[in-house]
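Just so it is clear, none of the values below were taken in a lab; they were calculated from the coordinates. What you see is a predicted model; the values in this text were computed from it and never measured. Cβ placement follows ideal geometry from the backbone for every residue including glycine, while neighbour counts extend to all protein chains displayed.
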Amino acid sequence: MTQNTSHDHAAFVSKLMAITADELKASAGDSNALTKAITRFYNAATAANLVLEEIENILGVNEGCIMDLAQLSEEDEEVAIEAFEDLSHT
């Protein structure tokens with residue numbers, strides 16, 4: 001990756017993280033809205049050709065990132081993770 005491409009990638013990931021965290025926060029307590037936010041995140045990440053491992057790391061399934069930023073309740077976090085797992089294992 002060139003430096004410009006690397007910078008573009010980092011900027012995309014940063015923006016995607018912020019948008020998704022904001023959407024998850026706004027969706028707290030609403031399973032359908034949480035699922036839609038995760039679906040938008042997943043679709044944007046896969047459209048950008050990110051590999052599944054990176055997508056998982058960004059979301060925080062393996063490492064806390066978006067999930068930490070969103071500060072969801074345990075119940076809402078479970079909904080979000082389940083929605084992601086449904087998408088990523090299809």
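For Cα pairs less than 8 Å apart in space and 6+ apart in sequence, what is the mean separation divided by the residue count of the chain, i.e. the relative contact order in percent?
33
Tell me, His7, His89 in order of fewest to most beta-carbon neighbours within 10 Å?
Fewest-to-most Cβ neighbours within 10 Å comes out as His89, His7.
Quick one: helix 74-88 against the long Cα principal axis of the chain, what's the angle to the nearest 10°, folded into 0 to 90?
Helix 74-88 and the main axis of the chain meet at about 50 degrees.
Counting helices only, and only those DSSP H runs with n ≥ 4, report the 222 nm mean residue ellipticity of the chain as the sum of -39,500 (n - 2.57) divided by its residues, in deg cm²/dmol to the nearest 500.
The helix contribution divided over the chain gives -24500 deg cm²/dmol.
Can you tell me the orientation of helix 3-26 relative to the chain, as the angle in degrees between its alpha-carbon axis and the longest Cα principal axis, to the nearest 10?
Roughly 10 degrees, rounded to the nearest 10.
Treating only the Cβ of Lys, Arg, Asp and Glu as charged (+1, +1, -1, -1), what charge dipole size does the chain show about its Cα centre? Round to the nearest 20 debye.
Value, rounded to 20: 500 debye.
Can you put Glu78, Glu56 in order of Cβ neighbours within 10 angstrom, beginning with the fewest?
So the residues, fewest neighbours to most, are Glu78, Glu56.
Along the positive direction of the dipole of the chain (beta-carbon charges: Lys, Arg +1; Asp, Glu -1; about the Cα centre), which of Ala48, Ala70, Ile38 reaches farthest?
Ala48
Can you bin the chain into rounded, prolate or oblate? Criterion: square roots of the alpha carbon gyration tensor eigenvalues sorted a ≥ b ≥ c, rounded for a/c under 1.5, prolate for a/b above b/c, oblate for the rest.
The shape class here is prolate.
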